[in-house]
Amino acid sequence: MNKVLFSSNRDDWETPPELFAALDQEFRFTLDVCATPETAKCTDYFTPEDDGLSRPWIAPRGGAVFCNPPYSRRTKDNPGQEAWIRKAAGEGQRPGAVVVLLIPARTDTIAFHQYIYHKAEIRFIKGRLRFQVNGKPGDAAPFPSMVVIFRGTSGDDRRG
């Protein structure tokens, strides 16, 4: 297995601004649930100290929730990306909720099949994103990415 696809010496890659702008135009985000003051994409946001995994994701002013979570795997001290996917899926079931997740397109994972496939809208991103560090674009990601959209429903409407 190629370790570079699943690990990094950092877990705070910033969303490319042009991608966020396009998504924000469509979804009107009002809450960024996985940010720092330097990387927050919305006025309202959760930092690591706020612990977005333990808080409800209710977007203020009727907006949508944006989440570009850490891409790391679970360890003793880190809940890992699957915890964020599980949380997004759960929070995205609230009636009227819209939760948009930017994650690697790893369609072979248990998390993809358990929480995303046939349960959310999936948009694969053409090419490789250039995430930012300190506001400057880095190299192209070593993996493809996808945008996953969970939309709260009355319970019967599942997307595929």
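Miscellaneous remarks
- Computed over protein heavy atoms with a 1.4 angstrom probe, the accessible surface ordering of LEU31, LEU53, largest first, is LEU53, LEU31.
- Ordered by 1.4 Å accessible area with all protein chains kept, LYS119, LYS126, LYS136, LYS87 run largest first as LYS126, LYS136, LYS119, LYS87.
- Pair THR36, ASP50: separation of 7 Å Cα→Cβ label points (nm): 1.6 nm
- Listed pairs LYS87/LYS136; LYS87/LYS119; LYS41/LYS136 exceeding 24 Å between Cα atoms: LYS87/LYS136
- Ordered by solvent-accessible area of protein heavy atoms (1.4 Å probe), largest first, the residues TYR117, TYR45, TYR71 come out as TYR117, TYR45, TYR71.
- For the peptides 98-107, 54-63, the ranking by packing is 98-107, 54-63, with the highest mean count of neighbouring Cβ atoms within 10 Å listed first.
- Amide H contacts under 5 Å for SER145: ALA105, ILE125, LEU129, restricted to partners 5 or more places along the chain or on a different chain, H placed in the peptide plane at 1.01 Å from N.
The values are calculated or read from the model by the stated rules, or taken from the named source; none is laboratory data. The structure displayed is predicted, hence computed values, not measured ones. With ideal geometry, Cβ positions are generated from the backbone for all residues, glycine too; neighbour counts draw on all protein chains shown. Areas reflect the complete protein model, heavy atoms only, side chains present, ligands, DNA and RNA absent. Shrake-Rupley method; radii C 1.70, N 1.55, O 1.52, S 1.80 Å.
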